[in-house]
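The values are calculated or read from the model by the stated rules, or taken from the named source; none is laboratory data. None of the values given here were measured: they were computed from a predicted structure. Note: ideal-geometry Cβ built from the backbone for every residue, glycine included; neighbour counts use all protein chains shown. What goes into the accessible areas is simple: the full protein's heavy atoms, side chains included, and nothing from ligands, DNA or RNA. Shrake-Rupley method; radii C 1.70, N 1.55, O 1.52, S 1.80 Å.
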Amino acid sequence: MNYVIIDRGDPLSKQLAEQFHLLAAERGLSRNDDAPTIVISIGGDGTLLKAFHTYVDQITDVAFVGVHTGHLGFYADWKADELEELVRMMTDHEPRMVRYPLAEIQVETPEGTKHYLAVNEFTLKGVDGTLVAQININDELFEMFRGDGIVISTPSGSTAYNKSLGGAVVHPSIESLQIAEIASINNRVYRTLGSSVLLPQHHHVDIMSSKDQRMLLTIDHLNIQRSDIRSIRCSVATRKICFARYRPFPFWNRVREAFLDYDGK
Ligand code: NAP
């Protein structure tokens with residue numbers, strides 16, 4: 001098994017990465033930055049996003065494992081003091097592969113179409129003022145949006161930015177996208193639904209710029225600022241992100257532990 005480590009860069013994460021390399025070498029795991037089969041993220045959920053985008057071109061060939069060095073992560077479920085157990089599990093056991101949906105976006109600019117994948121969400125905001133956009137669902141006008149921005153999240157991203165906007169938390173087995181508004185203005189010209197909307201796997205949403213405007217497109221943690229975005233089409237991607245699970249940790253337990261701090265007793 002070939003592995004690579006992406007760490008957050010803080011002293012603890014770097015130290016754990018070194019420790020992992022030593023343990024892995026003792027047990028015959030090979031380090032391979034170019035063609036890994038397992039990508040180990042050491043840090044937080046933000047580190048997993050970085051790891052995902054580093055290996056996005058090989059996404060169908062790699063599986064991710066997360067070690068967290070802070071509070072519980074949605075993507076990182078091994079603790080800093082469990083490295084030995086993780087390495088032992090990686091050498092002695094076959095993991096269960098758990099696949100989560102991704103969001104795919106096509107960005108139309110005068111230069112052509114660009115494709116991106118997001119594991120949490122993509123966010124569109126205006127740079128110089130409010131974002132003004134027409135939103136179509138399945139090629140039909142749905143609403144005229146004016147406001148701070150729009151967040152389109154995956155099920156596993158529903159606990160991130162989407163949740164801060166009052167969106168629903170969605171189980172990753174539901175292949176869907178959620179559209180959430182950031183501070184929409186509602187009047188006679190611009191009218192939005194106000195609540196977040198869940199789209200199934202076979203639907204798509206287009207966000208079409210209604211005026212010349214500079215937009216900030218954020219794909220997970222990556223920012224792209226452009227003034228020539230004509231439209232963005234978003235749908236559930238055909239590719240998925242794969243996590244190698246060596247022990248169960250159900251999604252609702254993660255939600256409970258992260259947000260409710262409830263031990264079930
Ligand atoms: P950041 O601003 O440094 O951290 C954002 C926080 O979101 C971190 O605490 C991170 O956890 C957490 N997080 C990331 N993915 C999550 C998930 N799927 N479920 C629950 N929490 C999650 O930015 P970053 O580390 O580069 O992460 C980028 C993400 O920040 C974006 O994808 C977006 O979801 C989120 N964000 C949230 C808001 C908001 O809630 N108002 C605003 C902007 C962006 P860790 O500490 O474990 O890394």
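If the Cβ limit is 6 Å and pairs must be 6+ apart or interchain, which residue in the stretch 189-203 that is open to solvent by less than 50 Å² (accessible area, probe 1.4 Å) pairs with which residue that is part of a loop (DSSP other than H, G, I, E, B)?
Ser196/Gly167
Considering every residue within the stretch 55-63, establish whether at least one is within 16 Å of the ligand (Cβ to nearest atom) and touching a His at 6+ places or on another chain (Cβ under 9 Å).
Just the residues of the stretch 55-63 that are within 16 Å of the ligand (Cβ to nearest atom), to begin with: 56.
If we keep only those that are touching a His at 6+ places or on another chain (Cβ under 9 Å) as well, we get none.
No: zero hits.
Kindly list the number of the only condition in (1) part of a strand (DSSP E or B); (2) more than 16 Å from the ligand (Cβ to nearest atom); (3) surrounded by fewer than 16 Cβ atoms within 10 Å (Cβ to Cβ) that fails for Arg88.
It fails just one condition, (1).
Mind checking which pairs have a first residue in the stretch 252-265 that is modelled with pLDDT of 90 or more and a second that is polar (S, T, N, Q) and within 13 Å of the ligand (Cβ to nearest atom), Cβ under 9 Å, 6 or more apart or different chains?
Arg254/Thr159; Val255/Thr159; Phe259/Thr159
Quick check: is even one residue across the stretch 27-39 part of a helix (DSSP H, G or I) and of a type outside the set (S, T, N, Q)?
If we filter the stretch 27-39 for residues that are part of a helix (DSSP H, G or I), which is where we start, we get none.
No, every residue in the stretch 27-39 fails to be part of a helix (DSSP H, G or I) and of a type outside the set (S, T, N, Q).
Counting only residues that are within 17 Å of Asp148 (Cα to Cα) and modelled with pLDDT of 95 or more, give me the strands (runs of 3 or more DSSP E) lying completely in the stretch 181-244 with at least 3 of them. Quick ask: steps written out before the conclusion?
Numbers: elements: 197-200, 204-209, 215-219, 222-226.
Ranges flagged: 215-219.
For (1) in contact (Cβ under 8 Å) with a residue 40 or more places away in the chain; (2) over 26 Å from Trp252 (Cβ atoms); (3) surrounded by 14 or more Cβ atoms within 10 Å (Cβ to Cβ); (4) outside the structural domain of Leu117 (by TED's automatic domain parsing), each residue gets a yes or a no:
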| site | (1), (2), (3), (4) |
| --- | --- |
| Asp10 | yes, yes, yes, yes |
| Leu23 | yes, yes, yes, yes |
| Ala35 | no, yes, no, yes |
| Leu48 | yes, no, yes, yes |
| Thr54 | yes, yes, yes, yes |
| Gln58 | no, yes, no, yes |
| Asp61 | no, yes, no, yes |
| Thr69 | yes, no, yes, yes |
| Tyr75 | yes, no, yes, yes |
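Can you find, within the stretch 171-188, the residue that is surrounded by the most Cβ atoms within 10 Å (Cβ to Cβ) among those that are of a type in the set (Gly, Ala, Ser) and touching a Gly at 6+ places or on another chain (Cβ under 9 Å)?
Of the stretch 171-188, the ones of a type in the set (Gly, Ala, Ser) are 173, 176, 180, 183-184.
Restricting the remaining residues to those that are touching a Gly at 6+ places or on another chain (Cβ under 9 Å) gives 180, 183-184.
Details: Ala180: 23, Ala183: 11, Ser184: 20.
Looking at the filtered set, the residue picked out is Ala180.
Say whether the condition of being open to solvent by 10 Å² or more (accessible area, probe 1.4 Å), outside the structural domain of Leu72 (by TED's automatic domain parsing), over 27 Å from Asn253 (Cβ atoms) and in contact with a Ser or Thr (Cβ under 9 Å, 6 or more places away or on another chain) is met by at least one residue in the stretch 149-170.
no
Only one residue in Thr47, Thr113 is of a type in the set (Val, Ile, Thr) and outside any helix (DSSP H, G or I). Which one?
The match here is Thr113.
Examine the stretch 110-121 for a residue that is more than 11 Å from the ligand (Cβ to nearest atom), open to solvent by less than 30 Å² (accessible area, probe 1.4 Å), under 26 Å from Asp228 (Cβ atoms) and free of Cβ contacts under 8 Å to residues at least 60 places away in the same chain, and state whether such a residue exists.
Let us first name the residues in the stretch 110-121 that are more than 11 Å from the ligand (Cβ to nearest atom), namely 110-117.
With the extra rule that they be open to solvent by less than 30 Å² (accessible area, probe 1.4 Å), the set shrinks to 112, 117.
Okay, now just the ones that are also under 26 Å from Asp228 (Cβ atoms), so 112, 117.
Checking the rest, the ones that are also free of Cβ contacts under 8 Å to residues at least 60 places away in the same chain come to 112.
Yes, the stretch 110-121 contains at least one residue that is more than 11 Å from the ligand (Cβ to nearest atom), open to solvent by less than 30 Å² (accessible area, probe 1.4 Å), under 26 Å from Asp228 (Cβ atoms) and free of Cβ contacts under 8 Å to residues at least 60 places away in the same chain.
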